[in-house]
Amino acid sequence: MTHEACSSSLAYNDENSLSCAVLLAYYTARNYYEVIRELPAGKGFVDIAFIPRKNTDKPPMIIELKYNRSADTAIRQIKENRYDGRMREFYGNLILVGINYDRGAKGENAKRHTCVIEKVTQE
């Protein structure tokens with residue numbers, strides 16, 4: 001619902017539109033996180049990184065966005081490109097989030113989203 005409310009029908013299938021929707025949905029998270037878009041990490045850029053502020057017990061989160069692919073592809077990209085390297089300084093758990101949005105086949109819901117969330121325990 002937030003993605004639809006935050007973008008025009010002309011820009012809906014645009015990564016920037018979904019990124020803005022995610023940031024709006026997590027607006028209050030800024031109390032606990034520094035939120036960085038396109039954070040250089042590993043072999044590329046994290047679409048959205050949530051880095052915990054000092055004196056908080058929140059886990060860091062990495063969000064990767066895809067269009068017409070799959071949420072699993074987004075998670076795989078995080079792992080293969082080692083986007084978690086910048087988060088190793090944090091103790092505890094790391095949350096990986098892969099979000100895919102696509103048009104769907106002709107006649108299907110044109111605004112379909114899938115999401116995969118993985119919790120990675122760091123030792």
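Return yes when Ala41 is under 16 Å from Glu118 (Cα atoms) and touching a residue at least 24 places away in the same chain (Cβ under 8 Å) and no when it is not.
On the way: under 16 Å from Glu118 (Cα atoms): no; touching a residue at least 24 places away in the same chain (Cβ under 8 Å): yes.
Here the answer is no, as Ala41 does not meet what is asked.
Can you tell me how many residues within the stretch 53-88 are open to solvent by less than 20 Å² (accessible area, probe 1.4 Å), out of contact with any Cys (no Cβ under 6 Å at 6 or more places or on another chain) and either more than 14 Å from Lys119 (Cα to Cα) or not in a helix (DSSP H, G or I) (or both)? Give the steps one after another, and end with the answer.
Applying the first criterion (open to solvent by less than 20 Å² (accessible area, probe 1.4 Å)) to the stretch 53-88 yields 60, 62-65, 71, 74-75, 78, 83, 87.
Going one step further and asking which of them are out of contact with any Cys (no Cβ under 6 Å at 6 or more places or on another chain), we end up with 60, 62-65, 74-75, 78, 83, 87.
Filter once more, so that each one left must be either more than 14 Å from Lys119 (Cα to Cα) or not in a helix (DSSP H, G or I) (or both): 60, 62-65, 74, 83.
Looking only at that region, the number is 7.
What number of residues in the stretch 28-52 are open to solvent by 90 Å² or more (accessible area, probe 1.4 Å) and out of contact with any strand residue (DSSP E or B) (no Cβ under 7 Å at 6 or more places or on another chain)?
Number satisfying all stated conditions: 4.
The values are calculated or read from the model by the stated rules, or taken from the named source; none is laboratory data. The structure displayed is predicted, hence computed values, not measured ones. Because the Cβ atoms are built from the backbone with ideal geometry, glycine has one as well, and the counts that use them run over all protein chains shown. Surface areas here come from the heavy atoms of the whole protein model, side chains and all, with no ligands, DNA or RNA. Shrake-Rupley method; radii C 1.70, N 1.55, O 1.52, S 1.80 Å.
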